[in-house]
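The block underneath contains the structure these notes are about, expressed in structure tokens.
The values are calculated or read from the model by the stated rules, or taken from the named source; none is laboratory data. Bear in mind that the values here come from a model prediction, so they are computed numbers and not experimental data. Every residue, glycine among them, receives a Cβ derived from its backbone with ideal geometry; neighbour counts consider all protein chains shown. Heads up: the accessible areas ignore ligands, DNA and RNA and are worked out on the full protein's heavy atoms, side chains in. Shrake-Rupley method; radii C 1.70, N 1.55, O 1.52, S 1.80 Å.
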Amino acid sequence: MDKGEATIETGATKSSEGRESKIGRVQAVGYHIPQDIVAEILAKLPAKSLMRFRCVCKTWSSLIRDPFFVKLHQNQSLNKPCKTGLLMSTKHQLFNSHFVFADHEGKQALEEDTISIPKSSNVLGIANGLACIVNDKHRISVYNLSTRESTTIPPPPQEIRFQDRLSFGFDPLANEYKIVKFCAHDKEQFEIFTLGAERWRRINRKHYNFYGGAKWYDFKEAICVNGVIYWMVKSMAESLKINLHSFDVHGEKFQQVAVPGNGLCLFSDLIQIEGCLAVIQDSECGNKFKLKMLQDYHNNVWTHKIIDIPLSPKDVRYPTLAGTLGTGEILILDDHFSGCFRLFYSDMGSKRLRSAKIALPSFFGENKWKRYYANHYSQTGENNGSWLYSASIFSFHHVENILPLKEDGQYGFI
């Protein structure tokens, strides 16, 4: 062994301070490096650097793939100002959807960091840098947006049907990622898959019989906040009745969540504000939003909040409130774009406002796009004629994650 080459012994050991560590003991010829210090230094590095360092030697490759180190790096990433991720998708079968990223200062990541999603695919959810995607043949895959590794999920025992709902969530208590499959029209079709398992399993019937025999369907994307997946469902019998349903990823229990006041309407949206679920409607006066925030999920405690954004109608006539960032700022999406997309960052305390521009993938081109509903945009023909294409833009907090996935021969997106 060359001088200076480190070796590693896996298993719990004592650190220099006497603490027990799950990271292996790191030792080298002529000197000793406490394993906690090595892990803490490497955990501060970006995922891209760690992926390169896996090729240095077997020792580093084993360390970086160690489950305890993966968790340590994730905790470090959660404490950093997160990147802003945008999922720019289109229903057009000839064009891909894309993930684009900007750092916490609003600067766009390198073009090579833009990720293209296979055509005719839908994103079920994003959690801690992992994206769960299903294609038009109902094949489910999980992609790591940081390492570009992917794994294919085995098909569930019962074939996925058009009316089935698939959601993706994270359990922070058990540090597990789960895919949930259920159907509002058949109470026998509730199944769950835990990432890393070999097969799907049924969820206990007593935990999901909350539809009361009524016919419901979900009509907006689900959101996972603090280990709970929320989605809005609309009654097929009463066109204006909308309920908020939830799934506790850890306890694997469904329930209906009572929303105070007038409840939900067709124009309500679900976002994450300051680590809590928030119910929001389109702004009535352009720059003021009224929120209902779920502070305590188990006791159904809600608070009300008004957010006043320092934007004039000349800047953005119909802003979209996308949520809060790790910096404490509010993220606002533009209501129109051409060639590039504008993001606005508002400090809720000082009312300071800054903006950033994100270059768009080639499909979006230089044509004008205008928001027609929530996060949905349309491209019009000449002289504001009929719609040519429609697209949606969803924002999320991008957390770097080096969780190794079972490789199935496909790295990243096609």
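Remarks
- In the stretch 32-68, residue nearest to residue 144 (Cα to Cα) [restricted to those that are in contact with a strand residue (DSSP E or B) (Cβ under 8 Å, 6 or more places away or on another chain) and hydroxyl-bearing (Ser, Thr, Tyr)]: 62
- Evaluated against (1) at pLDDT below 80; (2) of a type in the set (D, E, K, R); (3) assigned to a loop (DSSP other than H, G, I, E, B), residue 112 falls short on exactly one condition, (3).
- Only a single criterion out of (1) open to solvent by less than 10 Å² (accessible area, probe 1.4 Å); (2) among the charged types (D, E, K, R); (3) modelled with pLDDT under 90 is not satisfied by residue 186, namely (1).
- Sole exception among (1) open to solvent by 20 Å² or more (accessible area, probe 1.4 Å); (2) at pLDDT below 80 for residue 126, by number: (2)
- With respect to the conditions (1) open to solvent by 50 Å² or more (accessible area, probe 1.4 Å); (2) modelled with pLDDT of 75 or more, residue 215 falls short on a single one, namely (2).
- When residues of the stretch 48-59 are limited to those that are in contact (Cβ under 8 Å) with a residue 40 or more places away in the chain and surrounded by fewer than 19 Cβ atoms within 10 Å (Cβ to Cβ), the one nearest to the chain's Cα centre (by Cα): 48
- Some residue of the stretch 146-154 being part of a strand (DSSP E or B), open to solvent by less than 10 Å² (accessible area, probe 1.4 Å) and either among the basic types (Lys, Arg) or touching a strand residue (DSSP E or B) at 6+ places or on another chain (Cβ under 7 Å) (or both): yes
Per-residue answers, yes or no, for (1) in a strand (DSSP E or B); (2) hydrophobic (A, V, I, L, M, F, W, C); (3) touching a Cys at 6+ places or on another chain (Cβ under 6 Å); (4) open to solvent by 10 Å² or more (accessible area, probe 1.4 Å):
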| site | (1), (2), (3), (4) |
| --- | --- |
| 277 | yes, yes, no, no |
| 289 | yes, yes, no, no |
| 302 | yes, yes, no, yes |
| 318 | no, no, no, yes |
| 332 | yes, yes, no, no |
| 343 | yes, yes, no, no |
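- Any hit, the stretch 197-205, residues being modelled with pLDDT of 70 or more, in a strand (DSSP E or B), under 23 Å from the mean Cα position of the chain (by Cα) and surrounded by fewer than 20 Cβ atoms within 10 Å (Cβ to Cβ): no
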